[in-house]
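Read-outs: derived from the displayed coordinates by stated rules, not from any lab. All figures in this text were calculated on a predicted structure; none of them were measured in a lab. Heads up, the Cβs are rebuilt from the backbone with ideal geometry, glycines too, and the neighbour counts pull from every protein chain shown.
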Amino acid sequence: MYSACVQGFTQWRDVARPLLSAGIAPEEMEWRLGQHFEPLAPSIAASAALRLSRQLMELLEALSCYRHDGRWDLMYRLAWRSLRQPRLLEDAADPDVHRAVQMESAVNREVHKMHAFVRFREMTDEHGETKYFAWFEPTHDILRRGVGFFCKRFPNMEWMIATPGGTALWQNGELQFVETPDKSTLPKADAHEGLWRTYYRNICNVSRINPPAMRREMPQRYWRNLPESVEIQTLLRDGQASFAQRQREAMDLELAKARAMQRALADLPDHSGGPSACRRCDIWRHATQAVLGEGSTSATIMLVGEQPGDEEDLRGRPFVGPAGRVLDSALKTAGLERSELYITNAVKHFKWQPRGKRRLHKRPDASEVAACNHWLDAEVSQVKPRIIVALGASALRALAGLTDSIESARQLQIPHASGAQIVCTYHPSAILRADPSNAGQLSSHLVDDLRRARELAA
Ligand code: URA
């Protein structure tokens with residue numbers, strides 16, 4: 001068994017190289033973190049030239065910054081295994097590779113935070129020279145990795161970035177790493193701090209603060225070393241109030257849009273009073289209410305289903321029952337926001353037949369679909385979508401008069417009379433009804449088609 005006590009990447013590399021070339025297995029090695037570097041017994045001498053890829057070395061260097069006792073073992077194991085399995089890093093499912101990739105991302109995120117949240121304070125030394133000082137408390141040992149950014153950014157200033165685990169000093173264009181001085185001797189505030197805060201107050205647009213996003217991007221542990229942090233609480237309080245206000249306004253706008261569509265359909269020149277008063281066919285007799293479309297009336301994508309289901313009929317909204325849940329999940333996977341679409345049905349009333357106490361969906365016939373086209377056309381001319389997604393056969397019939405199977409219609413380029421392009425796909429209920437061996441495939445077709453609609457609309 002061999003053991004080594006190392007503190008940083010260079011030390012680890014100097015110890016690991018001869019061990020690796022001598023073929024010492026990871027199980028024979030014990031790594032510890034320590035102030036006192038213990039070189040290995042001279043009996044371990046390199047016996048073969050080592051070839052470690054640049055990609056691996058870069059990964060190992062990142063891992064050495066991750067504050068965890070197991071980092072040196074993982075680094076050695078990766079190096080040892082890569083020598084025997086040169087394509088190891090390509091295997092993302094390998095537990096060591098997976099862990100290493102996660103650790104590397106955490107380290108890179110911390111470097112990014114360092115660049116964003118280090119704030120220099122101005123000080124004057126005993127010779128009257130101006131210097132800049134920053135205190136930063138990173139979660140990982142990233143000072144060496146992140147400091148290059150400041151050397152390039154402030155090459156002509158003299159500055160120091162102190163962290164609990166070491167300090168970077170930039171003097172006369174040279175970078176040094178030294179031990180961190182006692183914190184009580186470090187400067188706390190400077191004349192410019194007030195200026196900083198005034199500046200922050202002035203550039204910060206309170207109406208655009210999104211408090212959850214702000215907390216995510218700037219974790220609270222960084223706040224205590226930011227001069228502007230005194231302002232953050234106040235700004236956040238104001239921001240929260242205006243965030244809630246903006247959400248209320250957005251909801252009011254949505255409601256106003258829905259009402260605008262209702263009014264637009266009710267005010268059509270046919271004086272029929274809109275879908276709620278429609279008697280063009282008989283379905284209305286058994287339905288609770290007409291279910292109109294909803295969503296953005298300026299959407300570039302319109303989704304058209306068949307007719308409301310049992311739950312939609314009771315709630316007066318399209319796609320809020322089981323089929324709606326399948327649709328919502330497919331929209332999410334396809335990267336579409338429901339609130340940015342306009343969602344409606346070819347037929348506005350629920351057609352059903354009784355089965356015991358249940359109301360079972362009954363497909364509308366061709367004449368009922370044709371009768372309801374009046375309303376669908378009016379919705380299309382209000383919204384003016386670029387893409388219309390036909391969900392299932394009834395929607396395809398209503399929009400294009402086609403009776404093709406969905407399987408073949410998916411392959412076609414179908415124009416709509418309004419100039420929009422129709423994308424045809426499976427109805428979410430078809431996925432609910434499908435044999436389990438086929439449901440997965442239908443569901444991925446639905447997602448693919450929604451994605452295609454998104455790309456076409458873009
Ligand atoms: N099926 C539809 O076609 N539309 C709905 O709104 C619900 C289920």
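Each DSSP beta bridge with both residues in the stretch 274-457 is either parallel or antiparallel, and the antiparallel ones are about 40%.
The order of 349, 286, going from fewest to most other C-beta atoms within 10 Å of their C-beta, is 286, 349. Listed from fewest to most Cβ neighbours within 10 Å, the set 58, 368 follows the order 58, 368. Remark on residue 423: its backbone amide H falls under 5 Å from those of 388, 389, 390, a criterion applied only to residues 5 or more positions apart or on other chains, H modelled at 1.01 Å from N.
Charge dipole of the stretch 118-185 (Cα centre as origin; +1 on each Lys and Arg Cβ, -1 on each Asp and Glu Cβ, all else neutral): 400 debye, rounded to the nearest 20. In the stretch 118-185, the DSSP beta bridges split such that about 80 percent are antiparallel, to the nearest 5.
Using a cutoff of 8 angstrom between alpha carbon atoms and counting only pairs six or more residues apart, the relative contact order for the stretch 274-457 works out to 25 percent. Amide H contacts under 5 Å for residue 121: 133, 134, restricted to partners 5 or more places along the chain or on a different chain, H placed in the peptide plane at 1.01 Å from N. Here the alpha carbons of the stretch 274-457 define both size measures, Rg and Dmax, at 15.2, 45 Å. State the Cα centre-to-centre distance between the stretch 85-164 and the stretch 277-312 in whole Å. So the two Cα centres are separated by 57 Å.
Taking a straight Cα-Cα cut-off under 20 Å and skipping sequence neighbours fewer than 8 places away in the same chain, the aspartates and glutamates within cross-link reach of residue 152 are 110, 122, 174. Sorting 133, 154 by the number of Cβ atoms found within 10 Å of their own Cβ, with the fewest placed first, yields 154, 133. Couplings 3J(HN,Hα) of the stretch 320-331, computed from phi: 10, x, x, 5, x, 5, 5, 5, 4, 5, 5, 4 Hz, in residue order, whole Hz [Karplus 6.51 cos²θ - 1.76 cosθ + 1.60, θ = phi - 60°; x for Gly and Pro].
Other residues within the sphere of radius under 14 Å centred on the Cβ of residue 175, judged by their own Cβ, net out at +2 (K and R +1, D and E -1).
The string of couplings for the stretch 350-357 from the Karplus curve (6.51, -1.76, 1.60, θ = phi - 60°) is 7, 9, 8, 10, x, 9, x, 8 Hz, one whole number per residue in order, with x for Gly and Pro.
Among rounded, prolate and oblate, which fits the stretch 118-185 when a ≥ b ≥ c are the square roots of the eigenvalues of its C-alpha gyration tensor, a/c under 1.5 means rounded, and a/b larger than b/c means prolate? It is oblate, given that a/c is not under 1.5 and a/b is not larger than b/c.
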